[in-house]
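Enquirer: Here's a structure for you.
The values are calculated or read from the model by the stated rules, or taken from the named source; none is laboratory data. Computed from a prediction, not measured in an experiment: that's the story for all the values here. No Cβ is skipped: glycine too gets one built from the backbone with ideal geometry, and neighbour counts run over all protein chains shown. Each accessible area value is taken on the protein alone, full model and side chains, heavy atoms only, with ligands, DNA and RNA left out. Shrake-Rupley method; radii C 1.70, N 1.55, O 1.52, S 1.80 Å.
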Amino acid sequence: MTCSTNPAFAQPLSLAPAAMPAMGTIDVRYQSYNVEMAEVVGGNFWKPYDRKSGRKNPAAPQSRSTTSASPDGAHFQIGQGAMFEARRPIDLANARLRKLAAALGPAYIRVSGTWANSVYFHDSDVPPPVSPPKGFTSVLSRSEWKGVIDFARKVDAKIVTSFAISPGVRNSADIWTTDQARNLLAYTRSAGGEIAAVEFFNEPNLPTEEGAPPPYSAVDFAGDFAIFRRFIKTEAPGILIAGPGTVGEGDALSIIATSMPSLTTLEILAALAPPRFDIFSYHSYPAASVRCAFFGQETQTTEEDALSDKWLRRPDQTHVFYLSLRDRYEPGKPAWITETADAACGGNPWASTFLDSFRYLDQLGWLAKEGVQVVFHNTLASSDYGLLDPDTFEPRPNYWAALLWHRLMGTKVLDAGSPWPGLKLYAHCLPGHPGGVTILAINNSRNQPWSLELSLTSHQYMLTSHQLDSASVELNGNELKLQTSGELPLLQGERFPAGYINLPPASITFLAIAEAGNGNCQ
């Protein structure tokens, strides 16, 4: 990147950081992440693409069996060998994992997913059973949950979770019972832990796919939820209730939900008697990965489309759909996206490359402007959409993008103006600098440079890559990687005086302006 007294690029845009109006605030833990229950207890999870060949397609099945599937995969019975791999429980005590997660704190850690819907909590210090009890599919031991508690404490993360709703927690009338949930909450308190928020269960609009006994209607959900809400508000009133936590409506994944036994979020909300939730939550996946191509071409995207305006705006459909329901049934409640990534079914082959950082940061910037309070990336360190490599915990490009966002984008959101074709601009107050502003400029054009004009000195952090579909990313021309000691490198901005700032094609630039003088950032 160069800076000169004359614009090097055509049509420079003049920005006035001091005059940017405030649009709202986001949670201090806005940028959060998931560690799936499947990772905590160990089990089959999405098999990463062939790392040696780069990113090319796995042996994805082209048709479905008669057993249907939920987007996060615990109930897939298709192509098990090609699509999934057995994973040992994640080592939450790993020093590198803790160090890198702590650098993103404060955050929320959500331990949920389809596996949580049918997990048996073994509330004893004796060894857990080899096989789960009847009505459950997996076992969560005290030591595994203690590992979550300790991890959250060490990395400044607050726990969000959900409960089992499978036949194992139901009475003879198939009504949900509280024993397992009560045991988990009691043990969490005894171990010095704290649960900040809970969803009743994961993705209730796909109830039988998620472990509920069939048939399961919105009326059934309402009856169970009434028991659940009364239980939480009576026995753990400090825990916030999030929901409904539904997925796959109003967007490209709608065909998946309608191709299997499902409810609609509208049916669920209409069946629930208010008050319902403290937090309105939903899941957002703009596509299904190539592993799930059998769901239809309309659920897919391509590597060639990864920087297009059309792709970057696809998540907006999901947000508009769910927030319209929030405004109708839960007006004023904070909105959380409790799962999101580039694609359901483990992420696409390029999710672990620099290509996806454009979507990742654009989604964070746009959702903050739209008033979403917390965004949980799926996942921290599993499959292709993990911020970290699941085997080595080495940072991927989205981790570096997340780290720069965390350090430079504060909780107060400013209006940087409307997006341009090929250029997205976002602005937040700069943490630790009264009056300071950070501008995030995403040039998502593959061949069109842009130029910005600033009348103030800035420190610039530009992310680029010599190969967009590479796991390598550079900051101001220097490759980002852990030091030999395992420590994070210094993320230093390059000082530029007032003038023109050139944004090359396919680049992401944070401009930290400590002395912007914005009165909204005092």
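Enquirer: Calculate the dipole size of segment 253-341 relative to its Cα centre from +1 charges on Lys and Arg beta carbons and -1 charges on Asp and Glu beta carbons; express the result in debye to the nearest 20.
Expert: 240 debye
Enquirer: Rounded, prolate or oblate for segment 374-453? Axes are the square roots of the Cα gyration tensor eigenvalues, ordered a ≥ b ≥ c, and the cut-off for rounded is a/c under 1.5.
Expert: Oblate, since a/c reaches 1.5 and b/c is not below a/b.
Enquirer: For segment 144-213, what Kirkwood radius comes out of the mean inverse Cα-Cα distance, in Å? Mind showing how you got there, number by number?
Expert: Details: mean 1/r = 0.0750 Å⁻¹.
Here the Kirkwood hydrodynamic radius works out to 13.3 Å.
Enquirer: Ok, one more. For a quick check: with amide H placed at 1.01 Å from N, whose amide H comes under 5 Å from SER281's, ignoring anything fewer than 5 positions away on the same chain?
Expert: Here the answer is GLY243, GLY245, TRP336, since their amide H atoms fall under 5 Å of that of SER281.
Enquirer: Then there's this: In whole percent, what relative contact order does the chain give with Cα contacts below 8 Å and a gap of six or more residues?
Expert: So the answer I get is 19 percent.
Enquirer: Any chance you could get the radius of gyration and Dmax over the Cα atoms of the chain, in Å?
Expert: 22.7, 78
Enquirer: Moving on. Let me know the whole percent of all Cα-Cα pairs from segment 314-470 that are separated by more than 22 Å. Mind dumping the intermediate values first?
Expert: Values: 5737 of 12246 pairs.
Of the Cα pairs, 47 percent sit more than 22 Å apart.
Enquirer: Once phi is turned into ³J(HN,Hα) by the Karplus curve 6.51 cos²θ - 1.76 cosθ + 1.60 with θ = phi - 60°, what whole-Hz value does each residue of segment 492-498 show in order, with x for glycine and proline?
Expert: After applying 6.51 cos²θ - 1.76 cosθ + 1.60, I find 9, x, 9, 6, 10, x, 4 Hz.
Enquirer: Could I ask something else about it? In Å², what does the accessible area per residue of segment 87-227 work out to with a 1.4 Å probe?
Expert: On the way: 5360 Å² over 141 residues.
Heavy-atom accessible area per residue stands at 38 Å².
Enquirer: Can you tell me how segment 282-322 classifies by the Cα gyration tensor, rounded, prolate or oblate, using a/c under 1.5 as the rounded cut?
Expert: Cα axes put segment 282-322 in the oblate bin.
Enquirer: Continuing with the same structure: Provide the per-residue ³J(HN,Hα) series for segment 88-103, in order, calculated from phi with Karplus coefficients 6.51, -1.76, 1.60 and θ = phi - 60°, each as a whole number of Hz, with x at glycine and proline positions.
Expert: Per residue, the Karplus-derived 3J(HN,Hα) values read 5, x, 5, 8, 6, 8, 4, 5, 5, 4, 5, 5, 6, 5, 4, 5 Hz.
Enquirer: Continuing with the same structure: Report, by chain and number, residues whose modeled amide H sits under 5 Å from the one on TYR33, excluding near sequence neighbours (fewer than 5 apart, same chain).
Expert: When sequence neighbours closer than 5 places are left aside, the close amide H contacts are TYR108, ARG110, HIS377.
Enquirer: Carbon and sulfur together cover what percent of the accessible area of the chain at a 1.4 Å probe radius? Intermediate values should be presented prior to the final figure.
Expert: Numbers: 9900 of 19070 Å².
Here carbon and sulfur together make up 52 percent of the probe-accessible area.
Enquirer: Among VAL160, PHE376, ALA341, whose Cα projects farthest towards the positive end of the dipole of the chain, with charges put on the beta-carbon of Lys, Arg (+1) and Asp, Glu (-1)?
Expert: Checking the options against the dipole of the chain, the answer is VAL160.
Enquirer: May I ask for the angle, rounded to the nearest 10°, between helix 179-190 and the longest principal axis of the chain, with both axes built from Cα atoms and the value confined to 0 to 90°?
Expert: Helix 179-190 sits at roughly 50 degrees to that axis.
Enquirer: Å³ per residue of the Cα convex hull, for segment 154-193?
Expert: 70 Å³
Enquirer: Could you give each residue of segment 121-132 its phi-based ³J(HN,Hα) in whole Hz, using Karplus coefficients 6.51, -1.76, 1.60 with θ = phi - 60°, and x for Gly or Pro?
Expert: Ordered by residue, 3J(HN,Hα) equals 7, 8, 7, 7, 8, 6, x, x, x, 5, 10, x Hz.
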